[in-house]
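*Asks:* Sharing a structure with you now.
The values are calculated or read from the model by the stated rules, or taken from the named source; none is laboratory data. Treat the numbers as computed from the prediction; the structure is a model and nothing was measured. Cβ sites come from the backbone with ideal geometry, for glycine too, and all protein chains shown count toward neighbours.
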Amino acid sequence: MAAEADWVAYRKRYGELKPLYRRLASEVVEMMRSRLKAAGIDLVTVSSRVKNTDSVMEKITRKQYQDPFLQMTDLAGVRVVCPYEADLVRIGEIVEGAFEVRERIDKAAALGTDRMGYQGRAFVVELGAAYAGGRYEGITALPCEIQVRTILQDAWAVIDHQLVYKSKDATPTRVRRDLNNVGSLLEIAQGIFDSIREKRSDYIREIAQVEDESRRRGDPTRFLSQPVDLDTVLAYARWKFPELPASEKLTQSLLRDLDVRAYPTLEHLNAAVDRAAPAVAVYRSEMPGWFKSSTDFLTKSLGFVDQDFRRRHGFAQPTRDAFQRFGHLVVPLT
């Protein structure tokens, strides 16, 4: 048991180290955000924390550390939360490439098959020599724990922490049964979410194949015969305006305000875009900055030809004025 003088010294030493760990956590967060964005990985959060002094002292007491600031590897922590389990592997690869990894922790393997818990991953890392000098001075050799979880794994971890049952034996039987049921449901739900993601990926590939086949044959009939939904409209926007990016967010907004009964297939949407093309071209020449994405063309085209859509959609007043000024240019229905 350490003497009282040791606890005073530990508190003082951690007070000196804490600013360094804050800098370390901040750097790791920024590095992870940058690399994950470059990899195109959808995230929920990348966050950090530095242990407070009372937590550090409690852990030193509980673990009976002889050299606590050498033995404790989670004083700085970063948490990466993503939607899908397949992302855990990709995020792990990014961690491996960005830092020097001291330790790898597989939560599923640690739990075994008969214990409740979340099945995320964790890494104990250092910045290492690649980040020497300047802003990294004093923090390159300090450890940081990076936890990687899905949304549901993170939910489980939060619940588990709140209930503070740290072992199977400490948990009352009736509570253990309910917690195991919740853990099983979350695991099933995660599997369903991952399966839905795969089905959507397959669907997007099928749409792309139909588009490619239609392009090669010079006949868009099959491509345009597809039903109107988020993924087909995104593909259509890129097909119709290949020089511009398509916005998923704006397409979601478009579909929210569109009566799909009036536009059951892409062919119906394409007819509206073609009818509005002369009016849209004039308005674009006047306001080019308002046509930065292919989805901008779709929404304004629909605004010109479809009064119901125009009423529902949140068009700015200058665009609403343009509908009146250039509406006569819309090609009449035949």
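*Asks:* Please count how many residues of segment 46-64 are surrounded by fewer than 20 Cβ atoms within 10 Å (Cβ to Cβ) and part of a helix (DSSP H, G or I).
*Replies:* Count: 9.
Conditions tested, residue by residue: (1) within 25 Å of the chain's Cα centre (by Cα); (2) surrounded by 17 or more Cβ atoms within 10 Å (Cβ to Cβ); (3) at pLDDT 80 or above.
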position	(1), (2), (3)
Tyr131	no, yes, yes
Cys144	yes, yes, yes
Pro172	no, no, no
Ile188	yes, no, yes
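*Asks:* Scan segment 282-313 residue by residue and report those that are in a loop (DSSP other than H, G, I, E, B) and either over 18 Å from Ser253 (Cβ atoms) or free of Cβ contacts under 8 Å to residues at least 60 places away in the same chain (or both).
*Replies:* Across segment 282-313, the qualifying residues are Met287, Phe291, Lys292, Ser293, Asp306.
*Asks:* Taking the condition at pLDDT below 90, assigned to a helix (DSSP H, G or I) and not assigned by TED's automatic domain parsing to the domain that holds Val95, does Glu211 pass?
*Replies:* No.
*Asks:* Ok, one more. Hey, Phe326 hits all of (1) surrounded by 13 or more Cβ atoms within 10 Å (Cβ to Cβ); (2) in contact (Cβ under 8 Å) with a residue 40 or more places away in the chain; (3) under 23 Å from Leu230 (Cα atoms) but one; which does it fall short on?
*Replies:* The single condition Phe326 does not satisfy is (3).
*Asks:* Counting only residues that are assigned to a loop (DSSP other than H, G, I, E, B) and surrounded by 17 or more Cβ atoms within 10 Å (Cβ to Cβ), which one in segment 215-270 is nearest to the chain's Cα centre (by Cα)? Can you show your working first?
*Replies:* Quick first cut of segment 215-270, residues assigned to a loop (DSSP other than H, G, I, E, B) only: 218-220, 225-226, 228-229, 241-247, 258-264.
After this cut, where a residue has to be surrounded by 17 or more Cβ atoms within 10 Å (Cβ to Cβ) as well, the list is 220, 226, 228, 241, 246-247, 258, 263.
Values: Pro220: 34, Gln226: 29, Val228: 25, Phe241: 27, Ala246: 19, Ser247: 16, Leu258: 27, Tyr263: 31 Å.
Of everything passing the filter in segment 215-270, Ser247 is nearest to the chain's Cα centre (by Cα).
*Asks:* Sort through Tyr84, Tyr65 and tell me the only one that's under 23 Å from Lys249 (Cα atoms), of a type outside the set (Gly, Ala, Ser), at pLDDT below 95 and assigned by TED's automatic domain parsing to the domain that holds Arg13.
*Replies:* Criteria check complete, one pass: Tyr84.
*Asks:* Still on this structure: Can you name the residue in segment 19-37 that is without any contact (Cβ under 8 Å) to a residue 40 or more places away in the chain and among the basic types (Lys, Arg) and, of all such residues, is surrounded by the fewest Cβ atoms within 10 Å (Cβ to Cβ)?
*Replies:* Lys37
*Asks:* Something else about it: Among the residues of segment 65-84, count how many are part of a loop (DSSP other than H, G, I, E, B), touching a residue at least 24 places away in the same chain (Cβ under 8 Å) and out of contact with any Pro (no Cβ under 9 Å at 6 or more places or on another chain).
*Replies:* 2
*Asks:* List the number of the failed condition for Gln190; all other conditions in (1) part of a helix (DSSP H, G or I); (2) without any contact (Cβ under 8 Å) to a residue 40 or more places away in the chain hold.
*Replies:* Just one mismatch for Gln190, condition (2).
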